[in-house]
Every structure is written in structure tokens, then in C-alpha cells.
Amino acid sequence: MNKLLDRFLHYVSFDTQSKPNVRHTPSTDGQLKLAQALRNELTELGFSDVTLSDKGCVMATLPGNVAWKVPVIGFISHLDTAPDFTAKHVNPQIVENYRGGDIALGNGDEILSPVMFPVLHQLLGHTIITTDGKTLLGSDDKSGIAEIITAMVRLKNSNIPHGPVRIAFTPDEEIGKGAQSFDIPAFGAQWAYTVDGGGVGELEFENFNAASATIKIVGNNVHPGSAKGVMVNALSLATRFHNELPADETPEHTEGYEGFYHLTTIKGNVERAEMHYIIRDFDKTQFEARKQKIIDVAHLVGKGLHRDCYIEVTLDDHYYNMRDKVAQHPHIIALAQQAMKDCDIEPIMKPIRGGTDGAQLSFRGLPCPNIFTGGYNFHGKHEFVTLEGMEKAVSVIMRIAELTANKSK
């Protein structure tokens, strides 16, 4: 068990926060440093076909140990952490045998409380790895990396029957770019699983359709004392724009299959303002309607503006719901469900209120549902993971490989 924890703690020491609006991949040097360290580790562990692409993607093979032909399967996790919160100088805390109540993060200015995060009530007696309240943890998705490598090492050192298994660690998942440069033919798997989910038992093959919207507003600034009929306040227009969107269709008011508009940043002054939204919906028709709503609101708020003042909208699709692609291969889901049940884990089938590399890969021909890592509260200072959850993920990965071999006899 300690080896799994040691790996995880080592990986989170790398600052691999990805950076949006960067043309090259990986978007940050820290990701490449972790990729190089993983390449070296996998080589030292004796895995085959260890490669590191110029785009920062690491791949390797665990050869099969059975005489019969078994489909090549894969497991994938990502190197980067989210741009939402700093990942510099991550200082993990280990709380053994959690007894309930608040957990002080660092010097105690921040706490991890079961009042705000009720899932803690279910984790009594567990070993919980938290942040010190100053950074995110990086369980998304370094726990997945640690789990995949640990599972492969244990398979390699056991007599458990398995076919060839390919593993990959990708950059820039959090900004939707890593899978674009993923070499599916080189990977060579018939199907794969991203290990990039949350609580124990999660098994997902539905995700949001995702787009981003950038709204640039150009106004006109003059002295407020003589502004009547002349000033066009870009910040006021931005406020009007936001208020025209449905107030109850935001992340803090939605769950399950409900979509949303999410204002992630707003900046500017009287002369110019810029807003960034992410747009999410599981239903493709409603997704397109949400994008059209952004355009319609821009026309409404911009109506009658002086010709030198305007509102400009840029929409960019990131990924689509992989449900239709994965559903064509029901045995992939059934295999993961059976593996979880064999490990005394009740599968929790739920939509991903986000995305994974698996969404893009599924549309590119590699069916790729998502399984849990044992982590919670991703992308912020309250992120944590349980060692027991990580161990269960390792067991499920190993069991999927074993079942794939046994069903191929």
C-alpha cells in the first residue's frame, strides 16, 4: 500500500498546471518534466515500448502472460492539473484513521468540514490525503497515474492471467487539448478506460457537450460629468449581458443531466470589457440552443449601440457527449461493471458533469469510458483522496485486465 502512496506523493510534487490559450502542447514545462520522469520510471520498471512523444504523451506496454489471443486494452490518465487553482508547492497532509469532524488544512486557516462536504461522513476510519489549504492536491489526475502504474506493476509481478495492456499519460486534458495529439494507431488498443473519475464506484460513459464563449465588449469612455448620450460603459453592458442569461442555469443551481452557463472570468473598464463563459449540456440540441442564446443576448444588449461600440462573440466547441460512441460497445461497460462487483464495489452509473480525454478519443475511434480514482472536490484547495479508494481503483484495473483475458479463452 505504501508504494501506491509514495508514487502519488511523488507525482503531486510536480507543478503541472496547464495553461489555456497557449498554442503549443504541452502548454507548460512542468507537464513535460513529469512525463520525462514517468518515462524513466516505466523503463526502470521493465515495461515494453516505453515512448514519450514531442507532445508530452507517455505510452508503455505490459505484455500479456497467456498463450491465447486477447484484445489489447488500455488505461489512460492525464498529467496536468486544472488552471482553476495553483498547483505550485503542493504540500499534502496525510490523515490516518479519520475519526470525523473538521480537518485543519495547514495552519488551520482553512478546514475540510463534513458540514460543507458530507461525503466525509462515509469515510470514517480511512486514510485521507488533503492539501494544506494553499494549493489544489492534484489527485485529478495524478491519483489515476499512480493507480495505473501500481496496477501494472502488481500484474507484472503476479500470476494473474492478462493480455497485453497499453497505458498512456496525456498532457493538457484540463484545457481540452491533450487528446487532439493522441496517437491512437500507435496506442494500438481496441478500447480503453480513462482513470479520471471521483468517488469509489463511479463508472461513466456520458459527458457534457462543451464549448467556451468569449465576449468582447467595446464601449466609449468620456468624463462622467459630460457623459450623457456619449458614454457607453462596457462594464454596464457586461452586467446586462450576464443578467439576460437564465439565473438558475449556472453550476451552483444544476445537477444530474442539467446543463449550464458558467461565467469563469470578467475583466475590464468603461472602455473595454471581456467575459469568458463555459457552456455545458448533455443534449446536443439543447447545447446548440445554449450557444445560440449567447449570440441572441449579444444582439439584444448591443442593439442601438454607436457604430464604434460593439459586442463580439467567439464560440469554440471543445468536446461532445461520448455516449453514442461508447454505447455501440456495451461489453466495455459490462466488463467494468463486472470488475467492480468482483471487487465488492457497487457500480455507480452517472453522467460526468465535465469531460475526460475519453470523450475526444471515443469520437476518434477509441471507445473510452471513465472509472473512479477515489478523489473528491477536484480543482480547488479542498481537494482530497482516500488511500482506500486508490487501492480499490488499482484492484478494478487489475480485474478488468484479468476478465478480458478470461473471456477471450
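As a summary of the residue check, Ile160 satisfies the conditions (1) assigned to a loop (DSSP other than H, G, I, E, B); (2) modelled with pLDDT under 95; (3) surrounded by fewer than 24 Cβ atoms within 10 Å (Cβ to Cβ) except for the one numbered (2). Cβ separations smaller than 6 Å between residues 6+ apart or across chains give the following pairs from the stretch 267-283 residues that are farther than 14 Å from Ala210 by Cβ and in contact (Cβ under 8 Å) with a residue 12 or more places away in the chain to residues that are among the hydrophobic types (A, V, I, L, M, F, W, C) and in a strand (DSSP E or B): Arg272/Val218; Ala273/Ile217; Met275/Ile215; Met275/Ile266.
Would you mind stating whether Phe378 is under 23 Å from the mean Cα position of the chain (by Cα), aromatic (Phe, Trp, Tyr) and open to solvent by less than 10 Å² (accessible area, probe 1.4 Å)?
Working: under 23 Å from the mean Cα position of the chain (by Cα): yes; aromatic (Phe, Trp, Tyr): yes; open to solvent by less than 10 Å² (accessible area, probe 1.4 Å): no.
When the stated conditions are applied, Phe378 does not pass them.
Consider the stretch 48-85 and keep the residues that are open to solvent by 30 Å² or more (accessible area, probe 1.4 Å) and in contact with a strand residue (DSSP E or B) (Cβ under 7 Å, 6 or more places away or on another chain). The one that is nearest to His382 (Cα to Cα) is Pro83.
Among the residues of the stretch 396-408, is any farther than 19 Å from Arg166 by Cα and touching a helix residue (DSSP H, G or I) at 6+ places or on another chain (Cβ under 9 Å)? Among the residues of the stretch 396-408, not one is farther than 19 Å from Arg166 by Cα and touching a helix residue (DSSP H, G or I) at 6+ places or on another chain (Cβ under 9 Å), which makes the answer no.
Residues of the stretch 183-204 that are surrounded by fewer than 23 Cβ atoms within 10 Å (Cβ to Cβ) and either under 16 Å from the mean Cα position of the chain (by Cα) or among the hydroxyl-bearing types (Ser, Thr, Tyr) (or both): Gly199, Glu202, Leu203. Figure legend. Inter-residue proximity from the stretch 155-178: first residues in contact (Cβ under 8 Å) with a residue 12 or more places away in the chain and under 21 Å from Tyr11 (Cα atoms), second residues among the basic types (Lys, Arg) and open to solvent by 10 Å² or more (accessible area, probe 1.4 Å), beta-carbon distance below 7 Å, spacing 6+ or different chains. Indicated pairs: Pro171/Lys55. Counting only residues that are under 16 Å from Thr373 (Cβ atoms) and aliphatic (A, V, I, L, M), which one in the stretch 2-29 is most open to solvent (accessible area, probe 1.4 Å)? Of everything passing the filter in the stretch 2-29, Leu9 is most open to solvent (accessible area, probe 1.4 Å). Taken over the stretch 35-58, residues that are aliphatic (A, V, I, L, M), in contact with a Ser or Thr (Cβ under 8 Å, 6 or more places away or on another chain) and free of Cβ contacts under 8 Å to residues at least 60 places away in the same chain amount to 1. Checking each residue of the stretch 326-342 against the condition of being modelled with pLDDT under 95, open to solvent by 30 Å² or more (accessible area, probe 1.4 Å) and on the phi > 0 side of the Ramachandran plot gives no match. Name every residue in the stretch 249-289 that is within 21 Å of Tyr310 (Cα to Cα) and not in a strand (DSSP E or B), in order of residue number. Those that are within 21 Å of Tyr310 (Cα to Cα) and not in a strand (DSSP E or B): Asn269, Val270, Glu271.
Give me the residue from the stretch 95-139 that is at positive phi and modelled with pLDDT under 95 and, out of that set, surrounded by the fewest Cβ atoms within 10 Å (Cβ to Cβ).
In the first step, residues of the stretch 95-139 are kept if they are at positive phi; the result is 97, 100-101, 106, 108, 125, 133, 138.
From the residues that got through so far, the ones that are modelled with pLDDT under 95 too are 106, 108.
Working: Gly106: 16, Gly108: 10.
My answer is Gly108.
Just one of the listed residues (Leu315, Leu366, Leu305) is open to solvent by 30 Å² or more (accessible area, probe 1.4 Å), in contact with a helix residue (DSSP H, G or I) (Cβ under 6 Å, 6 or more places away or on another chain), more than 30 Å from Ala104 (Cβ to Cβ) and not in a helix (DSSP H, G or I), namely Leu315.
Yes or no: the stretch 71-85 includes at least one residue that is of a type in the set (S, T, N, Q), under 18 Å from Phe8 (Cβ atoms), touching a helix residue (DSSP H, G or I) at 6+ places or on another chain (Cβ under 6 Å) and not in a loop (DSSP other than H, G, I, E, B). So far as the stretch 71-85 goes, yes, one or more of its residues are of a type in the set (S, T, N, Q), under 18 Å from Phe8 (Cβ atoms), touching a helix residue (DSSP H, G or I) at 6+ places or on another chain (Cβ under 6 Å) and not in a loop (DSSP other than H, G, I, E, B).
The values are calculated or read from the model by the stated rules, or taken from the named source; none is laboratory data. Since we're looking at a predicted model, the values are computed, not measured. Backbone-built Cβ (ideal geometry, glycine too); neighbour counts: all protein chains shown. Surface areas here come from the heavy atoms of the whole protein model, side chains and all, with no ligands, DNA or RNA. Shrake-Rupley method; radii C 1.70, N 1.55, O 1.52, S 1.80 Å.
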